[in-house]
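Undergrad: Attaching a single structure in structure tokens format; questions to follow.
What follows is calculated from the coordinates using simple rules that are stated; it is not laboratory data. In this text the structure is predicted, and so the values were computed from the model without any measurement. Cβ: placed from backbone, ideal geometry, glycine included. Neighbour counts: every protein chain shown.
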Amino acid sequence: MKRRWITLLRIIHTGMTNFLRNASLAIAAIAVMVITLTIILFSLVTNATFTDTINQITSKIDVSVFLQDSVTTSQADQLVTQISALPNVSKVRYLDKQAALQSYIQQNAGNQQLIDAAEEAGNPIPATILIYPRNLNQIENIKDFLTQKNIAALQTSGSPSYSGNQKEAIDNITHATDILREIGIIAVIVFAVVSALIIFNTIQMAIFNRRDELQIMRLLGAGTWFIRGPFIVESSIYGILSAIFSVLIINTAFVASSSALQASSLGLLDIGYANSYFDNNFWELLTIQLVIGIVIGAVSSLIATRRYLKFKSTR
């Protein structure tokens with residue numbers, strides 16, 4: 001066991017030494033990997049930010065059902081129970097006529113004429129059921145239920161309504177999120193492949209430069225992993241440094257946009273929430289970056305060294 005630990009430490013030490021010797025060759029690999037990891041990190045943060053924005057707007061969107069004055073309390077309670085049982089309904093609120101009037105007054109607090117007209121008319125506001133959907137893309141299922149003949153008979157004339165402006169905002173953000181996610185995935189794949197190819201070629205060049213040394217090591221009985229290990233450690237260092245640089249770049253970008261530029265948002269992106277999410281999940285995001293960077297570097301190096309060792313063993 002002690003011998004294995006000594007061997008592992010020697011492999012790590014040799015890998016770090018090789019990295020310092022081949023630092024000039026590694027610059028291109030690290031640069032491209034930094035771009036790859038920065039795109040991944042930015043995609044994670046923006047996706048979380050858009051999701052939060054969508055949730056905030058969704059929580060304020062409701063389908064309003066206006067009941068006839070002839071509907072009894074028991075009928076209203078029964079309807080509320082039926083609506084609550086629908087799979088796409090997250091919450092239901094029932095406002096009797098008096099509560100509906102108070103809500104109307106609050107919504108029109110800046111227009112005293114509308115408030116006076118409603119009070120003088122003896123409260124024309126009908127009892128209202130407010131339905132909060134889980135998924136706005138399936139809101140038609142709720143409307144289909146509400147437009148059934150027996151359910152529609154309890155309502156005032158006209159179909160159920162919902163705040164269209166907020167629904168339009170949700171659709172725009174969802175559409176933008178989907179597009180950015182697709183662009184991010186494509187960009188990550190492209191740059192990940194480029195990073196892997198550059199690391200592959202970098203390791204191949206390092207192997208070529210040390211071919212005589214490696215051949216002597218094989219003749220002296222060095223094991224396959226003792227020869228291969230330092231190169232994997234070297235490429236893993238590429239990934240570690242790239243992950244750290246990508247985190248620093250994103251952190252600098254958020255700090256600059258929120259303080260230097262005095263920006264609270266960039267288009268649909270809420271800078272304040274993005275910055276807060278980045279800070280609160282810093283170690284988790286850094287770990288993800290490190291894992292991805294090490295995997296890209298180690299796999300590329302593993303393929304390169306397997307190819308070289310296979311070539312040498314078949315001579």
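Undergrad: Out of the stretch 31-113, which trypsin sites (Lys or Arg not before Pro) are coil in DSSP terms and have no more than 15 other C-beta atoms within 10 Å?
TA: Filter output for the stretch 31-113: Lys60.
Undergrad: So, by mean Cβ neighbours within 10 angstrom, what's the order for 277-287, 49-59 with the highest one leading?
TA: Averaged packing, sorted descending, gives the order 49-59, 277-287.
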